[in-house]
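Let me begin by presenting the structure, written as C-alpha cells, before commenting on it.
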Amino acid sequence: MVSQAQNSPEMLVEMLLHLGRLAHGDGKAAESSTLLSTAQWTALRYLGNANRFSRTPSAFAEFHGTTRGTASQTIRGLIRQGFLTQSRAAGDGRGRQLDLTKKAKAMRLCDPFEAVVRAAADLPLAVRRQIGQSLAQMLICVAREKGTRTFGTCTSCAHLECNDCDPGAQNTYACGFTQNILFDEDLEQLCINFKQADSPASGSVPTA
C-alpha cells in the first residue's frame, strides 16, 4: 500500500530527482574506461533522440537549460573524443547539425541511464502511458511558468499535418512549422518546434 506521504507533490518530485541521481551515477560507462560528465551523457541522449531539425547546439542548450556557451563547450569535448560529427543544419545553411558517431551509439549501450529504462520497461503498458501523460503535463506547466520551450514529438504536436491528398505516397506527414516532409523516424523524435495540440488531429499518428 502506498502511503499518503508518497502521494504528496513534494515526495513525487523528490523521487523523480532521486531517480535522476541514480541514473547519472558517477558517469562512468560499464565495461569502458571512458568517463563522461553528466552534461555529456545528457547531450548524447538528447542528440540520439532529437529529430534532424533539433540536433543543433542552440536546441541542446535550451533542452539542457544552460547557456549556449556552456552547451558549446560540452559539444566540443564530445567532438574531440570522437562521439559527434557536425554538418550544415537541415534547412539552415548557417547552423550546425550534430550527429552521433558509431562510437557514440556503441557507448550509449553502456549508458548508466539504461538501469532506469529497464525499470520503466518492467511496468505495465497502461501504467507507462499514464506516467507519460502525467509527466508531459508537468513539463508543459513548468515550461509555461518559467517561460521556456516545451520539447515533444510529432504525434502530439499542433504543427503535424497529414498529406492525405496522396494516400499512396511514401511520406504522408509534414510539419506545418518548418514546411518539411516528415519521415517515419521523425515522428517519435524530440523537436524544438513542438507545440502541444489542443486535441488529437484528424490526421494524427496513432500511438501504441
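Just so it is clear, none of the values below were taken in a lab; they were calculated from the coordinates. Since the structure is predicted, the reported quantities are computational estimates derived from the model, not experimental observations. All Cβ positions, even for glycine, are placed from backbone atoms using ideal geometry, and neighbour counts span all protein chains on display.
Show the residues, 5+ positions off or on another chain, whose built amide H is closer than 5 Å to the amide H of Leu190.
For Leu190, whose amide H was placed from the backbone, the distant partners under 5 Å are Ala50, Asn51.
With the Cα gyration tensor of region 8-115 in hand, give its eigenvalues times 5 under a square root as the equivalent ellipsoid semi-axes, listed largest first in whole angstrom. Kindly include the intermediate steps, with their values, before the conclusion.
On the way: eigenvalues 125, 67, 26 Å².
In descending order the semi-axes read 25, 18, 11 Å.
Starting with the highest mean, order 40-49, 172-181 by the number of other Cβ atoms within 10 Å, averaged over the residues of each peptide.
Most protected by this proxy first, the peptides run 40-49, 172-181.
Below 8 Å, C-alpha to C-alpha, sequence gap of six or more: please give me the relative contact order for region 123-186 in percent.
In percent, rounded to a whole number, it is 17.
Counting residues in region 123-186 as N, plug N into 2.2 N^0.38 Å and put the Cα Rg over that result. Don't jump to the answer; show the numbers that get you there.
On the way: Rg = 15.1 Å, N = 64, 2.2 N^0.38 = 10.7 Å.
Against the compact-globule rule of thumb, the ratio is 1.42.
Amide H of Leu160: which non-local residues (sequence gap of 5 or more, or other chain) have their own amide H closer than 5 Å, using H built in the peptide plane?
So Leu160 has HN proximity to Gly176.
Quick one: which residues, 5 or more positions from Leu182 or on another chain, have an amide H under 5 Å from its amide H? H modelled 1.01 Å from N in the peptide plane, none for Pro or chain starts.
The answer is Tyr173, Ala174, Cys175.
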